[in-house]
Each structure stands twice: as C-alpha cells, then as structure tokens.
Amino acid sequence: MGLQFAIVFEDRFDNSVGDAAANMQMLGNTYFSHPNYIQVKGKPLVLNFGPINYHQPDQWTQILQGLPQQPTIQALAGDSGQIGHGAGEFVWIYQSFIDSLTNFYNNLVPNLSSAGGVAYPGYNAFYAQGGGSGPSDWTIAVGTSTLQQTLSLAAQHANQIDYVQLATFNDWGEGTMFEPSVQFANSFLNTVQQYVGSEWNNDHLNSVIRLQNLRVKLAGNGAAQGQLDQAFAAFIANQPDQANSIMNNVGLQFAHVPNLDITEAGVRFDHNGNGGLIATHFNSTRTSVKPRHSHRHARVHNKKHH
C-alpha cells in the first residue's frame, strides 16, 4: 500500500536504562532498515514522547549505543536538551493552542537540527471520563476551523519543519478523530485532502465507505468477497473509478441479498419489496460510523497540558 511509518518511543515504560537500550536495539534491528520506514535528514526518525524517565544525555548515550544506524531522534517541544545527541523536537497539543504553536515555529524551530509540526481538529481533556488522573478542565474547539488553523500554521513554516504530524490519540474521547462520523461526516479528511493537494475527493472517500458496507452486508459470500478484493486492489492502485465499477456489478449481481443498501455517487440500491431492485438518486452527505472509545489514557503525557 506504500504506507510509511516511524516509531514513537516512550521511555516511561522502561524500568531501567538497560531496558530502554534493549528496546531501542530491537527497534533498530527490526525496523530501521525497512524500505517504508520514514527517514529525516537521511536517518530513521524516532520520536520520544517525553523524555519521561531519563533526562540526562549520558543516559541516552547508553540507550542509543550499538544501533545499526543512529536515528534522527526528536523530543517533545522544549525537551531536546535532555536527550542531547543533536536531538530535534516535535510539537504536540497544548492548552495555549495557537500561542504554543506560534512559539514553537517562531522561537524553537530555527535553533533545532530537525523539527516536526502538528495539526489536529480539536481537543477535549478526557482524563476524568476515561478513568485516569490528569487535568480535565480544558478544551480546544473541535471542528474544521481548528484543523484549518493548525494546518495553516504548519504550511507557513513548511520550509523549516520536516513533516506535519496529524495528532490523534484516544481520538473519540479526546476529540482528535479524523475518521468519518455522523457529526462531521468526512470534513476532517476533506480538509487534509485539500492541504496535501490530493487527487481524491469526498466522493472517493464515500466509495471507500461503500466498500466497507458491502464487505459487511455480503459477509460469508465468497464470490462477492472475491470481487470486492478486486475493488480493494483497484483503490490501492489509485483507480477509484474501476473500484466503483466493480462494486456496481457486485450490487447488481447480489441484489437478492436481504437489506442490501449500498451507496455511491448518489445512487442507493434498495429492494422494492417484490424481489425487484430500485436505483434511487440522492445526495449522500452524512456517514454514520460508531465511535470507538479508547482507554489508553495512561499513555497520554501531562505535558500535553501546558
């Protein structure tokens, strides 16, 4: 699929410098040479969500020694000095919102060896509701305006930062979700599409949702699933029209399946109650996706709340 990835290393879970070094060695041996691993400044990128337990450069000398390749390592904004080794920094979600982002881009980034920007649709402190300890008394309005503001700031400093992280964590509870929902439909994904200049648009996103709906409705039907595999492959090959054509054929071939309700490009296929098939034209603007509530609150660092 061409997906690139990098590791966020959290030293809070290491009981000793030796543990941290062993974990870092495993990451280096397993992932750094992967062709899809993200490279920054010609080296594998490793983010440290902290540091949390180890705040001295000599400790990080031990943690990083013996790796097959020294990484481009970044700490949270303002904390690179605790790691040393030419560490860069990445900015996260902070209570002061635009002020903290502006300070990072204007005052910290010019002095860093590497830097990562951030964009997000909002934030709701969720510690209390999630059963964790931490401040739960502040929010950043969740909506496309917040996402556009954070993306715009990152764009203004595109020549100074190495990447932009779409910060989503405990997403539904904390309001950092990018996924489609009843409330926001595809608006967050649409905003990112516009930012990166994607050839894909809202209709394409709805087509992907349509594929998922067909997968569920036709579960256990080997013949249908085989054709849907072809539609998936067409999406991966950046051929959404071909994918839609395949799904149209699937919808017609398996119209006898009860409660088959398939939407794409303004067409819904429904039964007429007499064994026939009705094609109804309509404008599909809302997609319902059940939120998943994550309880990984323990991994959210209090530095988020500056």
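Observations on the structure shown:
- Near pairs, Cβ below 6 angstrom, 6+ apart or cross-chain, from segment 26-54 (part of a loop (DSSP other than H, G, I, E, B)) to any residue that is buried (at least 16 other Cβ atoms within 10 Å of the Cβ) and polar (S, T, N, Q): 41/72; 41/114; 51/82
- In segment 203-248, of all residues being under 24 Å from the mean Cα position of the chain (by Cα) and of a type in the set (Val, Ile, Thr), the one that is farthest from residue 184 (Cα to Cα) corresponds to 236.
- Flag if residue 188 is crowded, with 19+ Cβ neighbours inside 10 Å and either of a type in the set (A, V, I, L, M) or modelled with pLDDT under 90 (or both): no
- Residue that is farthest from residue 2 (Cα to Cα) [pool: residues in segment 16-54 that are buried (at least 20 other Cβ atoms within 10 Å of the Cβ) and β-branched (Val, Ile, Thr)]: 46
- Test: residue in segment 209-219 that is closer than 30 Å to residue 93 by Cα, outside the structural domain of residue 141 (by TED's automatic domain parsing), surrounded by fewer than 20 Cβ atoms within 10 Å (Cβ to Cβ) and not hydroxyl-bearing (Ser, Thr, Tyr): yes
- Extreme residue, surrounded by the most Cβ atoms within 10 Å (Cβ to Cβ), among residues of segment 55-72 that are of a type in the set (S, T, N, Q) and part of a loop (DSSP other than H, G, I, E, B): 70
- Pair list, Cβ under 6 Å, 6 or more apart: segment 64-89 residue within 16 Å of residue 103 (Cα to Cα), other residue assigned to a helix (DSSP H, G or I) and among the charged types (D, E, K, R): 76/303
- Flag for residue 126 being in contact with a His (Cβ under 7 Å, 6 or more places away or on another chain) and either of a type in the set (D, E, K, R) or crowded, with 21+ Cβ neighbours inside 10 Å (or both): yes
- Qualifying residue in segment 152-162 (condition: hydrophobic (A, V, I, L, M, F, W, C), part of a helix (DSSP H, G or I) and either outside the structural domain of residue 44 (by TED's automatic domain parsing) or closer than 20 Å to residue 51 by Cα (or both)): no
- Search result, residues across segment 147-183 that are under 15 Å from residue 119 (Cβ atoms) and among the aromatic types (Phe, Trp, Tyr): 163, 169, 178
- Residue among 275, 251 that is exposed (fewer than 12 other Cβ atoms within 10 Å of the Cβ) and either at pLDDT 95 or above or over 29 Å from the mean Cα position of the chain (by Cα) (or both): 275
- Complete set of residues in segment 158-185 that are surrounded by fewer than 21 Cβ atoms within 10 Å (Cβ to Cβ), under 11 Å from the mean Cα position of the chain (by Cα), of a type in the set (A, V, I, L, M, F, W, C) and under 23 Å from residue 210 (Cα atoms): 178
The values are calculated or read from the model by the stated rules, or taken from the named source; none is laboratory data. Keep in mind the model is a prediction, meaning the values are calculated, not measured. Note that each Cβ is placed from the backbone with ideal geometry, even for glycine, and that neighbours are counted across all protein chains shown.
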